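Everything below concerns the one structure shown next.
Where a number appears in this text, it was derived from the coordinates with a stated rule and is not lab data. Computed from a predicted structure; not experimentally measured. Cβ coordinates were reconstructed from backbone atoms using ideal geometry, including for glycine residues, and neighbour counts include every protein chain displayed.
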Amino acid sequence: MATATTKTKAKEGEAQTVGKDDVGRLPAVQGQAQVPATSSRAERLAADAGKGVSKNADDKTVPLIKVLQVGSPQCLRQKPEFIKDAKAGDFYIKGSLTPVISGEVDKETGEGGMERVISCAFKRCWLEFDGPRDDDPQFVARHEDGPDNKPAGIGGLFHPEGEKYDWQNEAGHRFTFSREHYIIYRGRPYVLPFGGTGHQTSRDWQTMMDQYRLTSGAVEPSWNRAYKLTTIPQSNSSGDWYGVKVEPLPGEVSDEEYEMGLLFFNQVQAGEKVAEAPESEGGAKGETAGNRPGEKI
């Protein structure tokens, strides 16, 4: 019995006539084999892997992880950023399917914190904002760390009255120092920034990494080890906040984790992966990993 429409061999440049049996089936892309609709979902996913996702580095900024504080908008019901069950001391990953991760370990289950964090690259930089902290400043740009603990390539800098660590220029823009760890967590790349008292945590982490040595005496690449990150309450004369605690996990990473770490390191070094812009600093201080005043750079 003939189909409703007879198929004919299309000439070059002509559309092929679609028969009744082909309704609902998209034509194969030239040069690619089409996976039959009867294939399993796993087979179809494997054949279509990566399609529809941008391959441009400009579209792939690396998400920041911050530590929520008492005044963080994610913890305040009156704020549009509020997240149910989010609390001070939690880790927060904007845009993630699971944006809030408990920073505290449950004493009964042992669950909590960020398990198997791999630090793959590290950068010292200066974050430029268009005003002082109390004026709800907006992020402008990142700058490399230059000589004399100043942002590179920026002239006319001075310390505002009562401020020892941040710089300001004549336009009123503020420059604050940040240590950024490019990490892999749950197979995904992130950036964990440290500022204020968090600088010491970052330095301690670097010291920890430096102790892992090859038989030659050379320092292991940072992505050869994994760590557990939790948060701890801290305080000084400026107030109370939550900082980060870093604990090494035993043994080396797996071969797969090592290759992921090496790839991420190379992408960061080549400028193919960059940290996303931080949120406005007009809210709670300390929303990076320990961004509190009073700590020497």
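Key figures for this structure:
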{"read-out": "Radius ratio Rg over Rh of the range 66-269, counting only Cα atoms, Kirkwood formula for Rh", "value": "0.98"}
{"read-out": "Sum of side-chain charges, Val246 neighbourhood, beta-carbon under 10 Å (Lys, Arg +1; Asp, Glu -1)", "value": "0"}
{"read-out": "Computed E for Glu104/Glu276 - FRET, C-beta separation, R0 25 angstrom, nearest 0.05", "value": "0.45"}
{"read-out": "Chain lengthening between Glu170 and Ala218 when straightened (0.36 nm per residue, less Cα-Cα)", "value": "12.8 nm"}
{"read-out": "Radius 13 Å from Cβ of Met260, net charge of other residues (Lys, Arg +1; Asp, Glu -1)", "value": "0"}
{"read-out": "Neighbour-count order for Phe91, Phe122, fewest beta carbons within 10 angstrom listed first", "value": "Phe122, Phe91"}
{"read-out": "Using a Förster distance of 22 Å, the FRET efficiency for Glu256-Ala46 (Cβ separation, nearest 0.05)", "value": "0.80"}
{"read-out": "Residues Ser39 and Val70, FRET efficiency given R0 of 35 Å [Cβ-Cβ distance, rounded to 0.05]", "value": "0.10"}
{"read-out": "Relative contact order %, the range 66-269, counting alpha carbon pairs below 8 Å whose residues are six or more apart", "value": "20"}
{"read-out": "Net charge over other residues, Cβ less than 12 angstrom from the Cβ of Gly110 (K, R count +1; D, E count -1)", "value": "-3"}
